[in-house]
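Presented below is the structure to which this report refers.
The values are calculated or read from the model by the stated rules, or taken from the named source; none is laboratory data. All of these numbers come straight from a predicted model, not from anything done at the bench. Ideal geometry is used to build each Cβ from the backbone, glycine not excepted, and the neighbour counts take in all protein chains shown.
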Amino acid sequence: MAERPSAAQEALSKVEDQLSCLVCLEPYTNPRLLSCFHVYCQHCLEDIVAHNRQGQLECPKCRRPTPLPPTGVSGLQAAFNVHHLFDIQETLKKVKEPQKLACEKCSVTNRKATSFCRQCTKFICEKCTDMHKEWDELKNHEIVSIQKVEGDLIRLVSPKKMSPRCPKHDENMKLYCEPCGELICIHCTVQIHKDHKYYVIADTFESHKKEILDSLGPVEKQLEATDTALVNLDERHAEVVEHGGKLATNIHSKFDEIHQALYAREGELMAELEGHTQQQLKSLSAQREEVEILQTQRSSCLHFVRESIRTGSPGDVLKMKQGVVKQVRELVDTFDPNTLEPRETTNTCFVPSAQLVKDCKEFGALCFVNIPQKAIAGQKINAHCRFLSAKNSAPPEAELVSKITNKAEKCVVKERGKGEYEISYQPTLGGASELIVRVGGEEVVGSLFPVAVKTPIDKLGTVIKTINDLKKTRGVALNQAGEIIVAEWNADIVSIFSPTGDELRTLDTRGTAVGEMKEPRGVAVDGDDNILVVDNGNHRLLKFSRGGDVIAAVGSHSDGLGQFNDPIGVCVNSVNGKVYVVDYGAYCVHIFNSDLTFSSKFGSKGSGNGQFNDPRDVASDRSGCVYVADFINHQVQVFTANGGYLRQFGKKGSGNEELNYPVSICVDSDDLVYVGEYGNDCVSVFTCEGVFLKSFGSFGSRPGQFNGPYGIAVDQCGVVYVSDHGNTRVQIFS
């Protein structure tokens, strides 16, 4: 087995990789920095300029041009950081064989080095190490062992920060001229920079260093964006490969289906041909028997008469003449010449379908469909369909189908020529939808294109679906599959419905044992699609898997940490994954970790900032801020993720900026805040800063009216699900 390289050898290899010019592949000589921050040897850059027709300098790696200063390549910024790497390289070469490393500080020959001084940048022996500890001017030096040097040399080797010298006065340049952005010496201040504003480098460096680092902020964001883009491109690459594989499977499957149908038809025709051929052969066999009988009769006649004449006396022949002649005539008269013609022919034909052959030559086509995945209800959207194979001449048809109502809206298709079509649609309903494309009446394989239709906030308020006959609904939530989770308080169950409102399953473990529930109120879904249920009657929080298996149960009726006194609302913070439970009996909000271990709590009884008077529900926004519906204080209070008070909005009343007993709350993906008002029987919508935008609903039992909006959920399309407690239903709005 090959010996594993040491840390110094690995570090040396990494450093040497950074010291080679990408043009000449040799170690850098006079390294110069381009505007794209790539570094090359000065002579390599000069060759590039010399061979460029316009005399321009383009980076060999990224092709970005760099403006040349008047002095040419030599006037470009020197890449001084590369010199530091050369220093590290030299030191690493020494560390690679520490047993041969001699002290570089004392005069004793070949005294073994045991440590490294970061400030001196020298390897020293034990005696020199002791000297560093004794001498006042060396006490502050950082001394590390050879072993630590080997593992962390790049950090320990300090760059050689030498003061540059003024080319005009041969003095150290210790000043910085701010208007010119240049280093200058003391003599320069009297001549060239006499009236300029300048500072001692040491005094101004930190502020300018901060300015440089601050300028990197947008670059860091752009780098994050490019990192994300590369991840997205890799994901899309994988998706394209996977999609291509699925399409190939679909093509093979469809052709296999056609092959099987052709083989089946071939079998039917062969069986039919076999039956027909056997019938013909049987008929010919029967006819042959008839002809053979005719042949035998006539052969016997000829043989008998001729033999009788040859062997009989004249008297005998004449005696039989009359009878024989009569029999011969009867035999001749009964002869039918048609009996001799074959009754069966070979005129049976195979008639292939010329159209089928033509269709097979033109069967199928690949088409590319460009569908905007987001749309706004009421606004026209244009999609495009382009046939990659021009043989299919049938124009496509399309319709947009709501995944909530199952209603289909026809799309307008216009031909643009050369196998291209424009598909236009103007959705009237918000919510998750699918665009289905058909060609020749047959659905295009893989054509269920998802379209998220957003309802403008000013248009929100139309009931598109109602789930009826529930038992005093409370909380409502949505999982990742779009299933609707409803707490039925009066039935002690949590029901789960499909996006179209069909009941799928229930969590109906009624009782007080672990995992059972009594009077469930708030519901939420965590990042793993687990269902969290506030078990109000048992004063605890339950966690179920998506399928309904009990995962955890925490809390009891007590005043201790993590215990409850009438818990009611729950939410999961998408930023930190923590679970927030409103305890209106204790006038606080409990914070649990994602594993439901207790973290902290905030709030107390009162009407001041951060205090509650009957808090009812909780929600969080994209930044992790937490919103609490404060029922009797008629307001919404906003907190940090840790419970620090930020702001509040609302006051008692029925006006646009007012709230009347807020009982439920939800924040959508755009950070709009939806508040269910028990006193006004409506849902009001605010910005996260509390600016009123919209309200809908009134007291009553008709569609769009409420009798206690006790729970709210909003999906990614802005479709609003409202638990209508008194009317025992969930209404879905777009």
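A few remarks follow.
- Condition check for LYS418: among the charged types (D, E, K, R), at pLDDT 90 or above and surrounded by fewer than 16 Cβ atoms within 10 Å (Cβ to Cβ): no
- Scanning the stretch 311-334 for residues that are of a type in the set (Val, Ile, Thr) and surrounded by 12 or more Cβ atoms within 10 Å (Cβ to Cβ), we see that the one that is farthest from ARG298 (Cα to Cα) is VAL317.
- For the stretch 494-522, the candidate set comprises residues that are among the small types (Gly, Ala, Ser) and either more than 34 Å from the chain's Cα centre (by Cα) or at pLDDT below 90 (or both); within that set, the residue that is nearest to LYS407 (Cα to Cα) is GLY515.
- Top-ranked residue in the stretch 427-455 [being surrounded by 15 or more Cβ atoms within 10 Å (Cβ to Cβ) and over 26 Å from the mean Cα position of the chain (by Cα); ranked as nearest to PHE733 (Cα to Cα)]: THR428
- Matching strands (runs of 3 or more DSSP E) fully within the stretch 354-463 where at least 2 residues are farther than 30 Å from GLY501 by Cα: 367-370, 381-387, 412-417, 420-425
- Filter result for THR114 (among the polar types (S, T, N, Q), farther than 26 Å from PRO167 by Cβ, in the same structural domain as VAL144 (by TED's automatic domain parsing) and modelled with pLDDT of 80 or more): yes
- Checking ALA271, ALA202, ALA229, ALA261 one by one, the residue that is touching a Lys or Arg at 6+ places or on another chain (Cβ under 9 Å) and assigned to a helix (DSSP H, G or I) is ALA202 and no other.
- Unique residue being exposed (fewer than 15 other Cβ atoms within 10 Å of the Cβ) and outside the structural domain of ALA78 (by TED's automatic domain parsing) when the list is LYS174, LYS209: LYS209
- Within the stretch 114-140, the set of residues being assigned to a loop (DSSP other than H, G, I, E, B), under 56 Å from the mean Cα position of the chain (by Cα) and of a type outside the set (Val, Ile, Thr) comprises ARG118, GLN119, CYS120, ASN140.
- Qualifying residue in the stretch 443-452 (condition: of a type in the set (Val, Ile, Thr) and in contact with a Phe, Trp or Tyr (Cβ under 6 Å, 6 or more places away or on another chain)): no
- Within the stretch 335-356, not a single residue is aromatic (Phe, Trp, Tyr) and closer than 30 Å to HIS243 by Cα.
- Subset of the stretch 48-73 (residues that are surrounded by 13 or more Cβ atoms within 10 Å (Cβ to Cβ), in contact with a strand residue (DSSP E or B) (Cβ under 9 Å, 6 or more places away or on another chain) and not aliphatic (A, V, I, L, M)): GLU58, CYS59, PRO60, ARG64, PRO65, THR66
- Considering residues of the stretch 698-720 that are hydroxyl-bearing (Ser, Thr, Tyr) and surrounded by fewer than 23 Cβ atoms within 10 Å (Cβ to Cβ) only, the residue nearest to ASP671 (Cα to Cα): SER698
- Top-ranked residue in the stretch 32-47 [being assigned to a loop (DSSP other than H, G, I, E, B) and among the hydrophobic types (A, V, I, L, M, F, W, C); ranked as surrounded by the most Cβ atoms within 10 Å (Cβ to Cβ)]: LEU34
- Picking from residues in the stretch 111-141 that are loosely packed, with under 13 Cβ neighbours inside 10 Å and basic (Lys, Arg), the one that is nearest to LEU101 (Cα to Cα) is LYS133.
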